[in-house]
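What follows is a short report on a single structure.
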Amino acid sequence: MTTDARAELANFLLGDRFACLAGRSAWRQGGITHCHYDVLGGAEAARLMAADLAEFVGAADWSSRKFTSFIATFEQPRGVDELRFEELLWQHLQLLHEADADRFAWAEGCSADPQSEEFKYSVAGHKFFVIGLHETHRRLGRRPPFPMLAFNSHDQFARIKADGMWDRLADKIRKQDIMLQGDINPNLMEYETLSEARRYSGRPKPLDWQCPFSVRPAAEESGPAEVQRAYI
């Protein structure tokens, strides 16, 4: 991670265009773990990220009221269109899974089938919602200066909902989106009705879209794996 990348990320998260108020608050409170890598879709970057995410999961306290997230940013490629970004996002998530599956089983309580409504992405045995952001994203609030993936914990989402904070937070984000772009992000209309994999890249999909991701059978079928901290 370079100092420049961290400064650029801070400018983006704290800027007027960033719509996710929880993410902005998390950065200010020190709840964001940020790692900067070479190439989105690269095998070495995916291997390093698997270790970094395992360490993040091992150290996290999902019951804390402080919002936490793991943000990965990448030096390259810059300026790709949304189709190419989506290809690289799924290429990277596939490589990340293959590196992760050597140590961890798929998270319990969710489907490993990316076409299923119950699908959730798993790293280090933990369920995450992945948000892809890039320079040419159709939503103005999702245009960082480099490719970026944010990993948000589903356990944390469940805690926010249980505390009665979810609807209020979502309403604030929608209002911010309308103020910035004039409408609500269309991806929100699919929430909890279709596979969340459709929303990771931010590109709207036809109903017959097929996710280019597959889980290693051993990772899906084995029992729960013990989460250990990883060191590089």
Counting only strands (runs of 3 or more DSSP E) entirely within the stretch 43-160, those with at least 2 residues that are within 19 Å of Ala10 (Cα to Cα) and touching a residue at least 24 places away in the same chain (Cβ under 8 Å) are 69-76, 126-133, 148-153
The correct count of residues that are more than 18 Å from His134 (Cβ to Cβ), modelled with pLDDT of 85 or more and outside any helix (DSSP H, G or I) in the stretch 1-21 is 1
Provide a single number: the residues in the stretch 111-132 that are crowded, with 19+ Cβ neighbours inside 10 Å and out of contact with any Leu (no Cβ under 8 Å at 6 or more places or on another chain).
9
Restricting to the stretch 186-223, name every residue that is out of contact with any Phe, Trp or Tyr (no Cβ under 9 Å at 6 or more places or on another chain) and modelled with pLDDT under 65.
Pro186, Asn187, Leu188, Met189, Glu190, Tyr191, Glu192, Ala218, Gly223
Considering only the stretch 79-99, I want to know if a residue exists there that is basic (Lys, Arg), surrounded by fewer than 21 Cβ atoms within 10 Å (Cβ to Cβ) and more than 21 Å from Gly202 (Cβ to Cβ).
no
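The values are calculated or read from the model by the stated rules, or taken from the named source; none is laboratory data. Keep in mind that what you see is a predicted model, and the values were worked out from it rather than measured. Cβ atoms come from the backbone with ideal geometry, glycine included; neighbour counts cover every protein chain shown.
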